[in-house]
Every structure is written in C-alpha cells, then in structure tokens.
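Here the structure is laid out as structure tokens; the discussion comes afterwards.
Just so it is clear, none of the values below were taken in a lab; they were calculated from the coordinates. Quick caveat: nothing in here was measured; it's all calculated off a predicted structure. Note that each Cβ is placed from the backbone with ideal geometry, even for glycine, and that neighbours are counted across all protein chains shown.
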Amino acid sequence: MNRITLGSLKDLSLKEARKELINVRALVRKGIDPRTARAAEKAENTQAIIMQTLFDAWVAYVKATDQMSTLWAKRHEDRWHLHLRADLGNLLVKDINRFHLTVVLEKMALSGIKEETRKALTTLNLMLDYGLKHRHLIENPARLLKPKDFNASANDPRDRALSLEELSRLWSVLDTETSFQNESASFKITAITASAIKLLVLTGARRAEVAKMSWSELNLNTCVWLLPKERTKNSRAHVIYLSELAMKIIKNLQLITGHSPYVFDTGRNIKESHIREDTLSRYIARLRQNPKKISQLLPCLTDIEPFTVHDIRRSAATAWGEHLKTPPYIIEKMLNHQPQNKLVATYQRALYADEQKKVWLAWGELVEQQVINSNTMCQ
C-alpha cells in the first residue's frame, strides 16, 4: 500500500486534514494518483502569471508583430493603467473570472465614461485571448460579457453640430472659471480644461490630439501645430495652422504650463501629466446632465440640445463648409481624413496647405466676431 502525506501539523489543522483526505479519496476513486495530481498543481501554480504580466506580454507581442500601431497600443496602455490595473493587475490570470471583470467595468460605467467602458472590455478581450492562446487560462471570461451589460453599447452615428449661437453660449461658460459642489452635483471649470475645449473648437482636432498636445509639437513663430504620425488615428502626420485667437490661448497657457512637456498639464506628479481625454468627455457630459443647481450657475446651457466632445469637432467642420464655403475635399484634409476609395486617395495627394491655412485663419476670426463677441446674453 502506498502512503501519502497530507501535510505537517504546523501547516494543516485537523479539520483541513479531513477535508484534504476527502479530496484524496475522490482522486483515488477516479484512478488518479494524488501525488501526481499534487505535483501537476504545484507546477501549474509555479508557472501562473498575474494579469499585469499578461498585459505587458500582450502589448510587447502586438508591437513586435506590427499587429497594432504604436498609437493604438498606447491607448490600450493608458486605459489599462488608468482604469484596470488597480483592480486586476495583481490577480492570477488562471483565477480570473467574469465577476472580477464585471466589478471593474461596472465601476467605470457608474462614473459616466460609457465609451471608455466599452473600450476597456475590448482591451480585456484582446489580452485574455492572447492568454488563452498561450495556455495561461482555459477560457476567456471577457467573451461572456457584452457592452450592453454595462449600458455601454455604441451609439448610433451622430449628426449633431452646434450652431454659432450655441458655440457662443458654450464659450461664455468656458470663460467662467468657477466651481460648484453639493451633495447631488459638482462642477468645476478650470483654465486648463476650458482652454482645451476652446482649442477643440478652433482646430477641429480630435480630443486625444488636443489633450496630449506638447510644446515640442508647436512652432510658435510660424503658428503651426505639427502632429506626428504616432499621435494621429490614421498614422499620418498632420499640420494644423493656428489662428491668432488659438495662438493667444496657447501663449496664455505658456505662463501656466510652460515648464511641462504638455500644453494642458494638470500638475500631477506623474510621467504623463497631461489632461486626460476622458476628462474632456466627462466635462461635456456634466454640461449635458444639467442638474438644477448647475443650471442656475450656468444659465447659458439650460436649453441647449445635448452634445458630446466629438460633436465639437463636427461643429467646426460644419461651420467651415456652411459659413466659410470651404470645399469638402479641403475639409477632409483639415480633419486628416483619408479617402475611403483607394483610387481617389492615390490621385488626391495634394496637400492644399495654403487653402487649409486660409480656412483656419478665417475660422479664428469668425469665432472671435460671431462666437465671442456676439450678442448672446446669459441671464
């Protein structure tokens, strides 16, 4: 008869020993040698990795194999560090389950960042698929979850564009550097946040492009903002010509954040201290929620139709066509859009730099005349 040691008296109580004996007998009935099973379990635990290790391995893999652009990999890294690492980073991959993921995604959804919640689920799906492929787990629990479980389904395509009158009201609020807070609502307008949103209006750039704007990307002598390909959605470098109004805003920020690499620096003691792109989304969402007390504080926005950060980009593009009579192909260039038709893309390689510059400068003047200096009253 073969003997097996359950453990020492120091490490195992009598109650635990009885429970372990039941498990051992169950294995024997199945024809499994308990010693072999224990050795296999020990080997599995030795090879087990935590979620942080898996995430790092996955990111390194997709970068090395060119399965993902540097920009998109960076967005997954930002999302992991900002929203997922604290709750999931130290958990063993083999132990991860749907409950763990649900807790962190529900917390994100409750904070009002619907889009980031949906994208966080995508990040988890991709990294856990990689873990499944490399046998770190036997199933991907993220595949059991859907965005709708967290009220984070993608919205239908939008066509909301703010009119000049609505932009004037928004600008009036941005010029009100103030804050309000009580049990049911809080609202804060800072120079950094307000200036970032003003630059969204004046440039038509994407929120991530503005939020991470660095001083090294700006030529303050030629009034040019050069976005490197690593920072654009389509991995194509993009030049934005800055109007006199845009330059005034940026130079005012130089007094506040000129010591930092980032134009919209938050003052946090971290490597990437720029304003978060989802901070801009939350700010606009707070305007949209419009609690009663905030409405009293900011009467300009009480009857404006809901809008998002991306609607500001659309508003600028719409105004370029409607008020400045800019041809669509120039607007597409200014938005750094790439033609869907490959043949069109091949033959439409002209930059139209002069035409784009004229529109951005004219748009700055129009904003100054009809948005800032309009007769819109907030009472």
* Asked: Between His81 and Leu110, how many nm apart are label points set 7 Å from Cα along the C-beta direction?
  -> 2.7 nm
* To do: Pop the C-beta distance of Arg158 and Thr122 into the FRET formula with R0 = 22 Å and round what comes out to the nearest 0.05.
  => 0.60
* Asked: In terms of modelled amide H atoms, which long-range or inter-chain residues lie less than 5 Å from the amide H of Ser214?
  -> Val263
* Fewest-first ranking of Asp56, Asp175, using other Cβ atoms within 10 Å as the exposure measure -> Asp175, Asp56
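Of the trypsin sites (Lys or Arg not before Pro) in segment 64-163, which ones lie in a loop per DSSP and count no more than 16 other C-beta atoms within 10 Å?
Working: sites: Lys74, Arg75, Arg79, Arg85, Lys94, Arg98, Lys107, Lys114, Arg118, Lys119, Lys133, Arg135, Arg143, Lys148, Arg158, Arg160; in loops: Arg135, Arg158, Arg160.
Sites meeting the loop and neighbour criteria: Arg135, Arg158, Arg160.
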* Asked: Tell me, what HN-Hα J-couplings in whole Hz come from the Karplus equation 6.51 cos²θ - 1.76 cosθ + 1.60 at θ = phi - 60° for each residue of segment 65-77, using x for Gly and Pro?
  -> 9, 6, 7, 8, 5, 4, 5, 5, 4, 5, 5, 5, 5
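Using a Förster distance of 22 angstrom, determine the FRET efficiency expected from the C-beta separation of Arg143 and Thr65, and round it to 0.05.
Working: r = 22 Å, r/R0 = 1.00.
Computed FRET efficiency for Arg143 and Thr65: 0.50.
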* **Val224 versus Leu351: modelled label distance in nm, points set 7 Å from Cα along the beta carbon direction** => 0.6 nm
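Given axes a ≥ b ≥ c from the Cα gyration tensor, I'd like to know whether segment 188-234 is rounded (a/c under 1.5), prolate (a/b larger than b/c) or oblate. Spell out each step's value before the answer.
Numbers: a/c = 1.98, a/b = 1.37, b/c = 1.45.
Oblate, because a/c is 1.5 or more while a/b does not exceed b/c.
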* Structure fact -> Sorted by chain and number, the residues with a modelled amide H under 5 Å from that of His238, at a separation of 5 or more or across chains, are Leu227
* **Spacing of the two label points (7 Å from each Cα toward its C-beta) at Ile256 and Asp95, in nm** => 4.5 nm
* To do: Name the residues whose placed amide hydrogens come within less than 5 Å of the amide hydrogen of Ile50, ignoring near sequence neighbours (fewer than 5 apart) on the same chain.
  => Val93
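If a/c stays under 1.5 just call it rounded; otherwise compare a/b with b/c (prolate if a/b is bigger, oblate if not). Do that for segment 51-149, with a ≥ b ≥ c from the square roots of the Cα gyration tensor eigenvalues. Don't jump to the answer; show the numbers that get you there.
Values: a/c = 1.69, a/b = 1.17, b/c = 1.44.
Verdict is oblate for segment 51-149.
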* Can you tell me how much longer the chain between Gln338 and Arg29 gets when fully stretched, taken as 0.36 nm per residue apart minus their C-alpha distance, in nm with one decimal? => 104.7 nm
